[in-house]
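Shown next, in structure tokens, is the structure this report addresses.
The values are calculated or read from the model by the stated rules, or taken from the named source; none is laboratory data. These numbers come from a predicted model, not from an experiment. Here the Cβ positions follow ideal geometry from the backbone for every residue, glycine too, while neighbour counts run over all protein chains shown. The accessibility values were calculated without ligands, DNA or RNA, using every heavy atom of the protein model including side chains. Shrake-Rupley method; radii C 1.70, N 1.55, O 1.52, S 1.80 Å.
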Amino acid sequence: MGQPTDSTPTNSLTVRDNRTGKVYDVPIVDNSIPATAFKAMKAKPAPGEREENETERGLRVSDRGFLNTAVIQSQITYIDGEAGVLRYRGYPIEQLALHSSHLETAYLLIYGSLPSANQLKVFEAEVLHHGVIHSDAELFCRSFRYDAHPMAILTSAFAYLGSYYGEANPSLQGQSLYTKGDPASLAIMDKQIYRLIGKATTLAAMAYRVRQGRDFVTPPNGLSYTGSFLYQMDHLGEENYTPNPVLEKALDVLFLIHADHELNASATTVLQTGSSLVDPYSAIAAGCASLYGPLHGGANEAVIRMLISIGKPENVPAFIEAVKKREKVLSGFGHRVYKTSDPRSFIVRKTADEVFKITGKDELLETAMALHEAAMKDEYFIKRRLAPNVDFWCVFPVHDRFEPRSNGNLQERSDIPRDGLPT
Ligand code: ACO
């Protein structure tokens, strides 16, 4: 490839290695460069250089924290962090939150386009049908202590489920199990999709019930995906239990806006784990573990803990001062990608407002509002462009401190002390 001049722009990068004087052309495709191109840039080690650098074997690309490295190009989600834009397959998240459902959006993400009415009916039926779990898995979940963290239960339960489905395991069925592209291989893949989505809420409800000391409930017939989830968490033997439609819709919107977020930590973990051709249940278990951390999905738990520790609105100024002195972190604020606003946080806020209409407000919410107001006005947060992320308001629609009851009221749990959640 010739040297580019000002008059002949080419889609490539010219790199001169000053150690050797050699010049290399690196192609630019989709505004990115292949890290492997740097392998060709070899040099003699400088005097005293670490042997481990293996300088003669080519240059390495270092990107601690994956701050500017993509392992794959997302065909699914588009994020503009500066403008606060999030789209799934071209559809703005706000439109989907308003007009779609979690399962319809899941179909869109997985298969690439919105389903027809009939396709959606079949997909919903398959997912709900696969919600039931083998009774041995109930024993497995029951074996956790009452105060086990629900994400520890969920992570383990997904991995455990993998042991049931030998037909879904490339170690047992051959490495091309999911890549043949024939109808049988696609059918196996579809079945794992139904199972994973269908059983996710059943396992999550079981994790919740372990903490509540309640018996498990078999997934009901005739309810929506989130209605069934609420039933499995909340049903205490009442006849004709019906989940409150406002809570049902709120949960559905929460699921929908969390369904994908490009190559975040958990999605990257699933891809990396899956790249070894492990079974899909183990890959999802790995993703769950990544999501669990307080800098990622665990941030909404960190928000509750933070709000409980602040206690009441009067204590907010002192907390803000502690954050500015770096003694504390304002959980639920800041985002690696969104630097103006997280569009999902507006959707959650609006959804939470609907929930408050039936549940009323409490001191934690008043504290959150005071915290939000104080942070948005404070120079420390303005200068660093720190705004609420999806996790800040997410804790309110249905959080672990409350039990959603069938009449729509959230009843405060008695087993959680006011000064902190069980550890
Ligand atoms: N509270 C106080 N200060 C903060 C916060 C925060 N929540 N977030 C960032 N900062 C400060 C940093 O200390 C840093 O200050 P400095 O420049 O004076 O050193 C500056 O803002 C930039 O911070 P970075 O760490 O470079 O920001 P980055 O974009 O890398 O971090 C992250 C993003 C990890 C999400 C961070 O904002 C954070 O820890 N937030 C709290 C945890 C949280 O809410 N996570 C959920 C993310 S959403 C999700 O995963 C679903």
For the stretch 33-77, what are the residues that are without any contact (Cβ under 8 Å) to a residue 40 or more places away in the chain and outside any loop (DSSP other than H, G, I, E, B)?
Ala35, Thr36, Ala37, Phe38, Lys39, Ala40, Glu51, Glu52, Asn53, Thr55, Glu56, Arg57
Which residues, counting only those in the stretch 96-127, are of a type in the set (Val, Ile, Thr) and open to solvent by less than 60 Å² (accessible area, probe 1.4 Å)?
Thr105, Val127
How many residues are among the hydroxyl-bearing types (Ser, Thr, Tyr), part of a helix (DSSP H, G or I) and over 22 Å from the mean Cα position of the chain (by Cα) if we restrict to the stretch 113-157?
1
Hey, Asp342 at pLDDT below 90 and touching a His at 6+ places or on another chain (Cβ under 8 Å) or not:
yes
Scan the stretch 304-317 and give yes if some residue there is open to solvent by 60 Å² or more (accessible area, probe 1.4 Å), in the same structural domain as Leu177 (by TED's automatic domain parsing), farther than 19 Å from Leu203 by Cβ and assigned to a loop (DSSP other than H, G, I, E, B), otherwise no.
no
Extreme residue, most open to solvent (accessible area, probe 1.4 Å), among residues of the stretch 56-95 that are more than 16 Å from the ligand (Cβ to nearest atom) and aromatic (Phe, Trp, Tyr):
Tyr78
Residues of the stretch 306-330 classified as more than 12 Å from the ligand (Cβ to nearest atom) and under 24 Å from Ala265 (Cβ atoms), total:
1
May I ask you to say which residue of Gly48, Gly112, Gly131, Gly65 is of a type in the set (Gly, Ala, Ser) and touching a Phe, Trp or Tyr at 6+ places or on another chain (Cβ under 9 Å)?
Gly131
Any chance Asp260 is in contact (Cβ under 8 Å) with a residue 12 or more places away in the chain, of a type in the set (Asp, Glu), in a helix (DSSP H, G or I) and buried (at least 19 other Cβ atoms within 10 Å of the Cβ):
no
Mind checking which pairs have a first residue in the stretch 353-364 that is in the same structural domain as Ile310 (by TED's automatic domain parsing) and a second that is among the basic types (Lys, Arg), Cβ under 7 Å, 6 or more apart or different chains?
Glu363/Lys312
Regarding the stretch 158-177, can at least one residue be identified that is over 23 Å from the mean Cα position of the chain (by Cα), part of a loop (DSSP other than H, G, I, E, B) and charged (D, E, K, R)?
no
Do we have any residue at all in the stretch 282-301 that's of a type outside the set (Asp, Glu), out of contact with any helix residue (DSSP H, G or I) (no Cβ under 7 Å at 6 or more places or on another chain) and in contact (Cβ under 8 Å) with a residue 60 or more places away in the chain?
no
Just to be sure before I move on: is Thr226 assigned to a helix (DSSP H, G or I) and away from the ligand (no atom under 15 Å from the Cβ) in the structure I sent?
yes
Show the residue pairs meeting these rules: Cβ distance below 6 Å; 6+ apart or different chains; first residue within the stretch 376-394 and within 7 Å of the ligand (Cβ to nearest atom); second residue charged (D, E, K, R).
Asn389/Asp342; Val390/Asp342; Val390/Arg344
How many of the residues in the stretch 331-375 are in contact with a strand residue (DSSP E or B) (Cβ under 7 Å, 6 or more places away or on another chain), open to solvent by 30 Å² or more (accessible area, probe 1.4 Å) and more than 9 Å from the ligand (Cβ to nearest atom)?
2
I'd like the full set of residues that are open to solvent by 100 Å² or more (accessible area, probe 1.4 Å) and at pLDDT 95 or above, limited to the stretch 12-34.
Arg16, Asn18, Arg19, Lys22
Residues satisfying the stated conditions in the stretch 43-55, i.e. open to solvent by 100 Å² or more (accessible area, probe 1.4 Å) and either hydroxyl-bearing (Ser, Thr, Tyr) or within 23 Å of Thr14 (Cα to Cα) (or both)
Lys44
Hey, Ser290 touching a Ser or Thr at 6+ places or on another chain (Cβ under 7 Å) and either within 13 Å of the ligand (Cβ to nearest atom) or not polar (S, T, N, Q) (or both) or not:
yes
